[in-house]
Amino acid sequence: MPLEEYRAKRDFVRSPEPEGDRASEAPRFVVQEHDATHLHFDFRLTLDGVLKSWAVPKGVPEEPKVKRLAVQVEDHPLEYATFEGTIPKGEYGGGTVKIWDQGTFLLKERTADKFVVELQGRKLKGPYALVRFKGKEQNGKNWLIMKL
Ligand code: MN
């Protein structure tokens, strides 16, 4: 737990020192609607100090057991989670980016080929799995995302 040692040493009822906002420590996710050459959705999770990112052509499913392709793309900086705006035409990803959903998540399971996260967003809530395709298509960048 982050800040565990700091908190263990202090009684915040008696001391005016800040306890730290526990809610803001929860890792965040974002889904951005990206109207580029092809409209798609970018699903991003805060992990390892970056945003692990997948492009989801048909969007993250809101119903259980619907599997959608999620193509892993390069890690993005954490600050990208709040980015909305227009990338100029002709530039990489040119088009508009809008936040479709965002919130916090709990990491329930993580292996090289699978993540299970509990999303707590406005639209997306509940357990989701990302599972890498078996085989080596696209160098392992193809995953499936589904609500469990
Ligand atoms: Mn994109």
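If you go through the stretch 114-127 one residue at a time, how many are touching a residue at least 24 places away in the same chain (Cβ under 8 Å) and closer than 14 Å to L47 by Cβ?
Qualifying residue count for the region: 4.
Which numbered condition trips up T37, out of (1) assigned to a loop (DSSP other than H, G, I, E, B); (2) under 22 Å from G126 (Cβ atoms)?
Looking at each condition in turn, T37 falls short on (2).
If you take the residues in the stretch 79-93 that are open to solvent by 50 Å² or more (accessible area, probe 1.4 Å) and either without any contact (Cβ under 8 Å) to a residue 24 or more places away in the chain or polar (S, T, N, Q) (or both), which one is nearest to the ligand (Cβ to nearest atom)?
Here the residue is Y92.
Can you tell me which residue among E5, E91 is modelled with pLDDT under 95 and assigned to a loop (DSSP other than H, G, I, E, B)?
Values: E5 fails: assigned to a loop (DSSP other than H, G, I, E, B).
Among E5, E91, only E91 is modelled with pLDDT under 95 and assigned to a loop (DSSP other than H, G, I, E, B).
Residues of the stretch 95-129 being surrounded by 13 or more Cβ atoms within 10 Å (Cβ to Cβ) and not in a strand (DSSP E or B), which ones?
Matches in the stretch 95-129: L124 only.
Quick one: count up the residues across the stretch 94-113 that are out of contact with any Asp or Glu (no Cβ under 6 Å at 6 or more places or on another chain), of a type in the set (V, I, T) and touching a residue at least 40 places away in the same chain (Cβ under 8 Å).
Number satisfying all stated conditions: 1.
Where the second residue is of a type in the set (D, E) and within 12 Å of the ligand (Cβ to nearest atom) and the first is open to solvent by 10 Å² or more (accessible area, probe 1.4 Å) and lies in the stretch 33-54, which pairs have Cβ atoms under 7 Å and are six or more apart or on separate chains?
H34/D42; F41/E33
Restricting the search to the stretch 8-22, which residues are within 23 Å of F105 (Cα to Cα), open to solvent by 80 Å² or more (accessible area, probe 1.4 Å) and in a loop (DSSP other than H, G, I, E, B)? Step through it out loud before you land on a result.
First, pick out the residues of the stretch 8-22 that are within 23 Å of F105 (Cα to Cα): 19-22.
Right, trim to open to solvent by 80 Å² or more (accessible area, probe 1.4 Å) and you get 21-22.
Within the stretch 8-22, just D21 meets the criteria.
Spot the failing condition for K58; the list is (1) outside any strand (DSSP E or B); (2) surrounded by fewer than 11 Cβ atoms within 10 Å (Cβ to Cβ), and only one is missed.
(2)
Please specify each residue of the stretch 1-49 satisfying the condition of being within 16 Å of the ligand (Cβ to nearest atom) and among the β-branched types (V, I, T). Spell out how you get there, then give the answer.
Start the filter on the stretch 1-49 by keeping residues that are within 16 Å of the ligand (Cβ to nearest atom), which leaves 29-45.
Passing the criteria: V30, V31, T37.
The values are calculated or read from the model by the stated rules, or taken from the named source; none is laboratory data. From a predicted model like this one, the values you see are computed outputs, not experimental measurements. Methodologically, a virtual Cβ is constructed for each residue, glycine included, from the backbone with ideal geometry; neighbour enumeration extends over all protein chains shown. SASA here: full protein model, heavy atoms, side chains in, ligands and nucleic acids out. Shrake-Rupley method; radii C 1.70, N 1.55, O 1.52, S 1.80 Å.
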